[in-house]
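See structure below.
Where a number appears in this text, it was derived from the coordinates with a stated rule and is not lab data. Remember, predicted model here, so these are calculated numbers, not experimental data. Cβ atoms come from the backbone with ideal geometry, glycine included; neighbour counts cover every protein chain shown.
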Amino acid sequence: MALKVNDDLAADVCGTFYAAKVLGISVATVQGLVEKGELDAWKTKGGHRRISMASLRAYLTKHGSNDSANLLSPNLRVLVVDDDEVALEIIRSSVEKWSLPIDCTYMTSAIEAMLDIGKIKPDVLVSDLNIPKVDGFEFLRKLRSNHDFSSTAFLVITGLTEEEIAARGGVPEGTPVLHKPLDMRWIHGFMSAMIIARSLYRDLPATVRDSFAR
Amino acid sequence: MNASALLPKQQHLDLERFQLLNADLSIFPAVARVFISVLPDWRKEMQRAIVWTDVQAVCDSLHKMKGSCSMMGAEQLALEIAQVEHALLLGDLDRSTPQLLNVLRKIGDMEDEVKVFLANA
């Protein structure tokens with residue numbers, strides 16, 4: 001299965017369900033577009049249809065839809081919020097070296113992040129807890145309770161101890177907490193896993209994906 | 001890159017630790033330049049907090065520097081900063097002043113080390 005995901009990532013393709021979701025049409029209509037040659041597609045040996053992401057982008061451009069363009073990026077969207085510029089530079093330099101399909105945005109304040117997070121729609125939010133002007137704990141709790149970010153994975157990076165975190169009310173349940181100094185090899189593994197998970201999610205039928213969102 | 005050749009006298013920086021955490025020492029020069037560039041503003045922030053005897057602001061500044069130092073591979077210094085941070089939160093600024101001045105001096109020493117590294121890199 002992992003091989004299929006890697007192949008899909010490398011080939012920049014998606015399944016019929018994901019194409020339907022992005023275009024906002026039914027699976028049958030996507031199949032119709034494929035038959036008419038408006039979308040480039042082919043079938044795997046197992047009989048599953050694979051649609052070229054490039055042709056999906058071209059179709060969206062031609063028909064003037066910008067709303068779904070974000071979903072089309074094959075890259076993992078990551079937002080990193082930390083007022084420690086040294087930490088940000090280490091993450092930035094590492095991400096560049098990894099050559100993983102990641103679109104990373106870096107911000108030094110939670111206020112800035114709150115203004116733009118709706119547009120970025122990150123798959124992964126990496127955030128410090130001690131950030132100026134906004135309580136990082138509150139920032140995470142607010143986002144976690146917001147339906148728009150129900151599928152965003154959180155990763156906390158902090159110089160606080162477990163006791164200090166607990167004393168301030170803790171982080172949302174299930175959020176991994178990484179203490180500074182950060183082990184960038186761990187973050188590399190986390191991001192790789194997220195890329196694979198996102199790719200698998202993309203290929204799920206819309207009804208199943210919706211059940212995750214609820 | 002040979003870390004020990006670039007940094008003959010290491011008091012605070014541990015480039016081997018940095019390499020272990022980041023699996024890549026080649027990113028260190030860029031990180032070192034950022035560290036040097038943020039120090040002046042950090043010092044102003046710290047100075048202002050001390051003048052106003054704003055203990056929370058001193059702690060916030062120390063906390064930020066603790067993170068930077070640990071990420072740079074100066075974990076012993078990060079530990080000493082953490083001790084001052086905790087002492088300040090428990091007591092008052094006056095009683096912790098000698099410890100605070102000591103870590104500020106060490107941060108200055110680390111700055112010199114980073115500059116030596118950059119000059120040789």
> Taking 0.36 nm per residue of separation and subtracting the Cα-Cα distance, what length does fully extending B:Glu111 through B:Glu16 add?
Replying inline: 32.4 nm
>> Let's test the formula: R0 of 45 Å, r as the Cβ-Cβ distance of A:Ala166 and A:Ser26. What FRET efficiency results, to the nearest 0.05?
In response: 0.40
> Tell me, what is the FRET efficiency for B:Leu93 and A:Val208 to the nearest 0.05, using R0 = 51 angstrom and their Cβ-Cβ distance as r?
Replying inline: 0.35
> Counting only DSSP beta bridges with both residues in the protein assembly as shown, what percent are antiparallel, rounded to the nearest 5?
Replying inline: 30
> What's the average, rounded to a whole number, of partner chain beta-carbon atoms within 10 Å of each residue's beta-carbon in A:75-86?
Replying inline: 3
> For the cross-link pairs B:Lys66/B:Lys115; A:Lys97/B:Lys64; B:Lys44/B:Lys66; A:Lys119/B:Lys66, which exceed 22 Å when the distance is taken from alpha carbon to alpha carbon?
Replying inline: A:Lys97/B:Lys64; A:Lys119/B:Lys66
>> Just to confirm a number: summing +1 for Lys and Arg and -1 for Asp and Glu over residues other than B:Ser26 whose beta-carbon lies under 12 angstrom from that of B:Ser26, what do you get?
In response: -1
> What is the gain in length, in nm to one decimal, between A:Trp42 and A:Met114 on full extension, counting 0.36 nm per residue of separation less the C-alpha to C-alpha distance?
Replying inline: 21.8 nm
>> Let me confirm one metric for peptide B:66-78, namely the mean number of other chain beta-carbon atoms within 10 Å of its residues' beta-carbons.
In response: 5
>> As a footprinting exposure proxy, order A:Asp123, B:Asp24 by other Cβ within 10 Å, with the fewest listed first.
In response: B:Asp24, A:Asp123
